[in-house]
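Student: Structure below; questions to follow.
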Amino acid sequence: MVAVGIVAVLLAGRVDAQDLDPRRYVNVPVAQNFVGLGFTYSEGDVNVSPSVPLDDAFLSMNVASLSYLRTIGLGGKAATFDAFVPYVCASGSAVLDGERLSRDVCGLGDALVRFTYNFVGAPALGISDFVKREKELVVGASIQLSLPTGQYDSEFLLNIGANRWVVRPEIGISIPRRNWSFEFAAGVRIFTDNDDYVGDVTFSQDPLYNLQAHIIYDLSPRQWLSLDGNYFFGGVAYKDEVPAAIKQENSRLGITWFVMVKSGVGLKLAAHTGVATRVGNDSDTLTIAGIYRWE
């Protein structure tokens, strides 16, 4: 089923805030349900608390994730709602005020919920009509909310949860050309303050901007391959309004492969790495995820 391939990456395991999401702004059939089980391994200068720059941090992370996505019709256009819950085991160390600290910890991470609406192209169609329609240009927008549900202890520098809310609006476009698709998205993360940061200080952060691009090739009706890249900048961090980290200017490069195993069941593999790093995110990440669809 082509619908499984379209939403495959929407239900993948994600480790950090600078995720790479091919095929987010494309048409989808309505009245469909998808569940995903994912596993991600990452090591390097990677952040447990999303987008929090740590000094000289080296972490290894194992993330198991459960995701759900529902497609709906709204105003004659296709839209989606998805939710993501991770369970994280992390081991590593970082420097705080000149002192190296280490910790091994497991627990629930911050949950994510998102609403995506395609306002150009992407008419709301059932499965039978959807499979007959040719691919077309789609423009959409989304808003994601990160909930402070993750395990957090203010006595430790290394935490799984960020202990703050994060709002992420984004706009994207998908341009199909025969077996190829070219996708671009631009978004920003807006952070609330963490009033219970280690050292009994308030941690705040400027908005973090993200640009991403994807070149996708349909290998067959049952599988596709995507080259993924992004660039994110901003996100200066403060402790009690005193700058604690310089502006981030980082980029990542990755590849994503999806294959439909059988009707309603898909398998996704992805790998990405930091290619230019100013603060954090110089890490390598591997992900495997299975997706199941039902009506």
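Laboratory data are not the source of any read-out in this text; all were calculated from the coordinates shown. Owing to the predicted nature of the structure, the values given are computational and were not obtained by experimental measurement. Here Cβ is always computed from backbone atoms with ideal geometry, including for glycine, and neighbour counts include all displayed protein chains.
Student: Towards the positive end of the charge dipole of the chain, with charges on Cβ (+1 Lys, Arg; -1 Asp, Glu), say which of Val113, Val139, Phe233 has the farthest Cα.
Tutor: The one lying farthest along the dipole's positive direction is Val139.
Student: If you don't mind, there's one more thing I want to ask. Based only on Cα atoms, what mean projected area does the convex hull of the stretch 133-199 have, in nm²?
Tutor: 6.6
Student: Of Lys135/Lys268; Lys135/Lys247; Lys77/Lys262; Lys132/Lys268, which ones are farther than 30 Å apart at the Cα?
Tutor: Beyond 30 Å: Lys135/Lys247.
Student: What value does the chain have for Rg/Rh, both radii from Cα atoms and Rh as Kirkwood defines it?
Tutor: Result for the chain is an Rg/Rh of 0.98.
Student: Another question, then. Averaging over all projection directions, find the projected area of the Cα convex hull of the stretch 150-295 and quote it in nm² with one decimal place.
Tutor: 10.7
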